[in-house]
1. For Gly402, which of the numbered conditions (1) of a type outside the set (Ser, Thr, Tyr); (2) surrounded by fewer than 15 Cβ atoms within 10 Å (Cβ to Cβ); (3) closer than 21 Å to Asn23 by Cα fails to hold?
2. List, please: which pairs have Cβ atoms under 9 Å, are six or more places apart or on different chains, and start with a residue in the range 26-41 that is in the same structural domain as Tyr343 (by TED's automatic domain parsing) and end with one that is among the polar types (S, T, N, Q) and in a helix (DSSP H, G or I)?
3. Give the number of residues within the range 1-25 that are at pLDDT 85 or above and within 26 Å of the chain's Cα centre (by Cα).
4. Do we have any residue at all in the range 295-305 that's within 20 Å of the chain's Cα centre (by Cα) and farther than 23 Å from Val243 by Cα?
5. Sort out which residues of the range 287-321 are of a type in the set (A, V, I, L, M) and buried (at least 21 other Cβ atoms within 10 Å of the Cβ), and write them in order of number.
6. Could you please find all residues in the range 196-210 being surrounded by fewer than 16 Cβ atoms within 10 Å (Cβ to Cβ), part of a loop (DSSP other than H, G, I, E, B) and not acidic (Asp, Glu)?
7. Are any residues in the range 248-261 in contact (Cβ under 8 Å) with a residue 24 or more places away in the chain and either away from the ligand (no atom under 11 Å from the Cβ) or part of a loop (DSSP other than H, G, I, E, B) (or both), and if so, which ones?
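The values are calculated or read from the model by the stated rules, or taken from the named source; none is laboratory data. All values derive from a computational prediction rather than experimental measurement. Here the Cβ positions follow ideal geometry from the backbone for every residue, glycine too, while neighbour counts run over all protein chains shown.
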Amino acid sequence: MDNNGYSAVAQQLKGSDILKIANRLREMIAQGLRVCNLSVGDFSPKEFQIPDTLKKLIIESYQNNETNYPPSYGTVELRKSVQDFYKRRFNLEYELDEIQITSGSRPVAHSFYTCTLDKNSTILYPVPSWNNDLYAVLTQANEIRLLTKAENGFHPTREELEPHIHKAHVLALCSPSNPTGTMFTEKAIRGICELIIEENERRKGKERPLYLLFDSVYWMLTFGKFQHYNPVVLYPELKPYTVIVDGISKCFAATGVRVGWGLGPKHLISKMTHVIAHAGAWAPRAEQIAVSKYLYLDEDIQQYIQHTKNGIEQRLHKMYEIIQHLAQKGYPVYAIEPQGAMYLSVQFNLFGKKTPQNNILKNNNEIAEYLLDNAGLGVVPFQAFGYPEENGWFRISVGAVGMADIEWLTAQLEQALRQLNS
Ligand SMILES: Cc1ncc(COP(=O)(O)O)c(C=O)c1O
């Protein structure tokens with residue numbers, strides 16, 4: 001078959017399913033229809049802005065003409081600042097050459113995958129999870145997708161990982177999680193950390209190690225009693241095998257500013273930095289200088305995070321209440337209590353229901369379309385995160401909506417559910 005001379009990677013690579021839904025919503029908005037867009041994992045600057053101080057520091061950096069190439073590792077100032085930040089926040093000690101600065105945090109994951117995986121290796125990751133399926137294609141690695149359970153907050157357990165761990169070269173985890181908004185409990189993450197340590201002990205000197213990619217980009221966005229646990233804090237002996245992904249995109253509502261960082265073993269960070277250099281995926285120098293100064297402003301950060309968290313939590317809890325209220329009324333809906341990040345896991349168990357147009361809802365996409373057309377509600381099916389089960393689970397993301405949008409949705413959603421027949 002003619003494939004236009006594309007590589008195997010290009011032939012398999014597809015765009016993000018989430019963006020497809022976002023485009024559909026945009027079309028509806030362009031047609032003048034009202035929607036409640038809970039589909040994008042981004043912040044609307046109308047609702048959540050970056051910290052004022054950070055904005056001023058960025059402008060100042062440009063005024064100081066900080067506009068040429070930064071070093072491939074990132075500026076010394078920012079690596080030092082990240083180093084101190086991790087020391088203050090986590091009591092973790094990283095050397096400067098164990099820290100990599102990138103253009104947002106996804107190049108950390110991408111360069112990590114490029115350096116640890118190829119077609120002779122295997123990545124193990126839970127589903128639903130963000131982008132691991134796409135990165136696996138990019139590296140052509142074999143993949144083991146572990147189907148997680150709602151009762152575990154869609155996180156894997158040690159027992160579930162254990163049968164696969166011998167085959168894996170990388171285990172990719174994320175907490176607080178995109179798409180579920182849930183977090184590992186201390187007990188659960190401890191169990192997994194111990195499994196990785198035992199596995200690496202077994203492999204020592206005989207087999208290549210098992211690396212852990214721990215994506216913690218939402219770590220500051222946690223609610224109430226739910227706490228973030230960093231694997232290297234819990235088990236310092238994991239440090240040689242762990243790369244932590246972090247950055248400003250989510251916690252500082254700065255997705256378009258593009259500054260991220262990775263922390264990991266020196267030899268691996270050095271390789272990953274070559275990938276970043278060849279891809280040109282540096283964070284802009286002016287932003288690096290600004291973030292390097294901002295990370296020292298603990299009080300400013302604390303106030304900002306508290307304010308942002310309140311806004312996100314208020315929206316998530318309102319959505320959670322709406323779903324609980326509908327469930328009490330007998331509608332087949334369910335949600336997991338918000339724990340962290342900006343997401344809520346919601347189940348619309350509408351399979352086999354008949355729409356007013358006499359269509360039977362047969363899969364998650366049809367449910368998503370029904371909710372969009374009849375309630376103006378934009379949600380993303382877990383299928384967009386590699387989850388294979390058609391059981392009505394969706395991601396709700398609240399960063400781009402105001403409370404008024406959610407209030408508006410309440411009646412719309414109930415009406416859309418009411419007009420479905422069994
Ligand atoms: C879990 C997770 N990691 C990483 C990223 C990428 O962040 P960035 O925009 O900094 O590349 C995202 C973005 O949605 C995410 O959800």
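1. (2)
2. Qualifying pairs under 9 Å: Arg34/Gln412; Cys36/Gln412.
3. Looking only at that region, the number is 6.
4. Yes, the conditions are met somewhere in the range 295-305.
5. Ile289, Ala290, Val291, Leu295, Ile312, Leu316, Met319
6. Across the range 196-210, the qualifying residues are Lys204, Gly205, Lys206, Arg208.
7. The answer is Ile248, Ser249, Lys250, Cys251, Phe252, Ala253, Ala254, Thr255, Val257, Arg258, Val259.
To keep it simple, each residue is scored yes or no on (1) closer than 23 Å to Phe394 by Cβ; (2) assigned to a helix (DSSP H, G or I).
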position: Leu134; (1), (2): yes, yes
position: Arg145; (1), (2): yes, no
position: Ala172; (1), (2): yes, no
position: Ser177; (1), (2): yes, no
position: Phe184; (1), (2): yes, no
position: Glu194; (1), (2): no, yes
position: Leu212; (1), (2): no, no
position: Lys225; (1), (2): no, no
position: Val233; (1), (2): no, yes
